[in-house]
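Novice: Here's a structure for you.
The values are calculated or read from the model by the stated rules, or taken from the named source; none is laboratory data. None of these values were measured; they are calculated from a predicted model. Quick reminder, even Gly has a Cβ in these numbers, built from the backbone with ideal geometry, and neighbours come from all protein chains shown.
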Amino acid sequence: MLRDLLAASVLVTFGLEGQPAIREPRPTPDNPIAHEPLLVYEVTGGTLLGPYDLELTVYADGLARLASATQTKLGRTVTRSVGPEAAHQLATELARVGAFFGGDQTQIVTDMPLSTLTILQGAPDSRAHTYSWWLPEGSNQTAPALLQSFIADNFADF
């Protein structure tokens, strides 16, 4: 038990400005497949046009999956390799802008889907942080812009 506690205490490493560092995907004997999730971004809820659902999952090995469904469009999922470098860069940028310390937006907004971001360190036993917002304002402006830019760059045909 002491060994597990000591191992857990060194799992969270810190990078830029005290933010937890995103680990580079490195296969090891205990973890030969570096396919750990780096982030899950979800936008879901009701709008004036009906229900909306979008989910982006990005893995340390560079696999990214985007899924979406609306009232007027059938559900669709696209999976592609963006490369480990692009995946790591997105997660690192999100960490740099404070995604590991983002807080839930306290105001309630009608006719807007709720956005939720869960960010992880990219290791099999890494730390994660989840927070949600209705509107990209205040401290919640930069992360949504980075995520939307990543989607536009990598899933332009979606």
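Novice: Answer with yes or no whether residue 83 is in contact with a Phe, Trp or Tyr (Cβ under 8 Å, 6 or more places away or on another chain), at pLDDT 90 or above and over 14 Å from residue 42 (Cα atoms).
Specialist: no
Novice: Identify, please: which residue in the stretch 63-79 is touching a residue at least 24 places away in the same chain (Cβ under 8 Å) and more than 15 Å from residue 38 (Cα to Cα) and is, among those, farthest from the chain's Cα centre (by Cα)?
Specialist: Per the criteria, the residue is 76.
Novice: Give the residue that is nearest to residue 29 (Cα to Cα), with candidates limited to residues of the stretch 103-137 that are touching a residue at least 12 places away in the same chain (Cβ under 8 Å) and of a type in the set (Gly, Ala, Ser).
Specialist: 123
Novice: Right, another one. Quick one: which residue in 121, 148 is surrounded by 14 or more Cβ atoms within 10 Å (Cβ to Cβ) and touching a helix residue (DSSP H, G or I) at 6+ places or on another chain (Cβ under 9 Å)?
Specialist: Values: 148 fails: touching a helix residue (DSSP H, G or I) at 6+ places or on another chain (Cβ under 9 Å).
Going through 121, 148 in turn, just one is surrounded by 14 or more Cβ atoms within 10 Å (Cβ to Cβ) and touching a helix residue (DSSP H, G or I) at 6+ places or on another chain (Cβ under 9 Å): 121.
Novice: Out of the residues in the stretch 102-126 that are on the phi < 0 side of the Ramachandran plot and under 13 Å from the mean Cα position of the chain (by Cα), which is modelled with the lowest pLDDT? Outline the logic, then answer.
Specialist: Restricting attention to the stretch 102-126, the residues satisfying the condition of being on the phi < 0 side of the Ramachandran plot are 102-110, 112-121, 123-126.
Now narrow it down to the ones that are under 13 Å from the mean Cα position of the chain (by Cα): 102, 115-121.
Values: 102: 91, 115: 95, 116: 97, 117: 97, 118: 97, 119: 95, 120: 92, 121: 85.
Result: 121.
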